[in-house]
Amino acid sequence: MAKLYLVPTPIGNLEDVTLRAIRILKEVDLILAEDTRVSGFLIKHLGIEKKLISHHQHNEHKTVSSIAESIAEGKNVALISDAGTPGISDPGFLLVRECIKHGIAIECLPGPTAFVPALVNSGLPCDRFCFEGFLPQKKGRHTRLQNLKLEQRTMIFYESPFRLVKTLEQLSQVFGDDRRASVSRELSKLYEETQRGTLIELIEYFSKKTVKGEIVIVVGGATQTSSLEEESEDEVEKD
Ligand code: SAM
């Protein structure tokens with residue numbers, strides 16, 4: 001029976017592609033790619049000669065049903081994104097949901113994704129965490145952050161270098177200057193860097209330079225006592 005394969009691709013270092021990812025990409029009938037030019041480079045590097053079909057956030061709503069049909073008719077399909085694991089802040093979810101609806105088998109290969117190395121590098125507890133991805137840029141941003149005020153798990157955010165300092169400032173307004181956090185930049189690449197400290201220390205550090213590259217912010221959760229204090233303060237305010 002044909003399947004949908006979700007195939008993670010490197011987030012920077014091309015050596016991070018797995019042997020199984022290469023085999024599956026060679027074997028499938030169709031490869032769907034978020035940006036055919038970006039993935040074309042990887043596919044060529046891996047020695048795979050296959051036409052890539054465009055599947056991105058602007059067309060996925062329209063194409064998921066025809067892709068599911070192709071798989072149901074016997075074509076094995078792989079989905080890749082520009083970098084990392086499809087479905088993680090990238091297209092993937094809609095296609096997976098459509099395939100489940102049609103009883104199509106799905107296999108997501110384990111592989112590169114940016115949030116796992118950022119979390120583990122942070123030195124913050126990684127036994128319990130929540131992945132927040134990109135915060136909304138305007139509408140809903142404040143509410144999303146306020147809803148995290150009492151979050152006790154370590155929190156992970158994706159961010160662009162241009163908004164890093166502004167976002168760190170907003171995080172410190174919600175969680176306090178002294179909350180521990182880390183910023184991982186350019187994971188697996190030549191200029192990989194992880195800075196750890198309190199939010200105020202990270203703001204000071206990154207305000208002094210031009211920030212470039214791809215960024216993951218990891219923020220420690222509220223301690224149980226501080227979240228209880230916040231809760232009782234809120235209750236007093238309500239009263
Ligand atoms: N699907 C990807 C994954 O599995 O992590 C995420 C894709 S999302 C469109 C791109 C964001 O992921 C970047 O803005 C950055 O926040 C994070 N990211 C991707 N590669 C990274 C890297 N090498 N270093 C740090 N962050 C990275």
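The values are calculated or read from the model by the stated rules, or taken from the named source; none is laboratory data. No experiment lies behind these values; they were computed from the predicted model shown. Heads up, the Cβs are rebuilt from the backbone with ideal geometry, glycines too, and the neighbour counts pull from every protein chain shown. When the accessible area is computed, the model is the full protein with side chains, heavy atoms only, and any ligands, DNA or RNA have been set aside. Shrake-Rupley method; radii C 1.70, N 1.55, O 1.52, S 1.80 Å.
Net charge dipole, region 3-108: roughly 200 debye, given to the nearest 20, about the Cα centre with Cβ charges of +1 for Lys and Arg and -1 for Asp and Glu.
Mind listing which trypsin sites (Lys or Arg not before Pro) in region 154-214 are in a DSSP loop and have 16 or fewer other Cβ atoms within 10 Å?
Details: sites: Arg163, Lys166, Arg179, Arg180, Arg185, Lys189, Arg196, Lys208, Lys209, Lys212; in loops: Arg179, Lys189, Lys208, Lys209, Lys212.
Those that pass, being in a loop and sparsely packed, are Lys189, Lys208, Lys209, Lys212.
Direction-averaged projected area, Cα convex hull, the chain: 15.3 nm², rounded to one decimal. Across the accessible surface of the chain, with the other protein chains kept in place and a 1.4 Å probe, carbon and sulfur atoms take up 51 percent. Of the GluC sites (Glu not before Pro) found in region 22-108, those that fall in a DSSP loop while having at most 14 other beta-carbon atoms within 10 Å are Glu49, Glu73. Applying 1/(1 + (r/R0)^6) with r as the Cβ-Cβ distance of Lys50 and Ile100 and R0 = 35 angstrom yields a FRET efficiency of 0.85.
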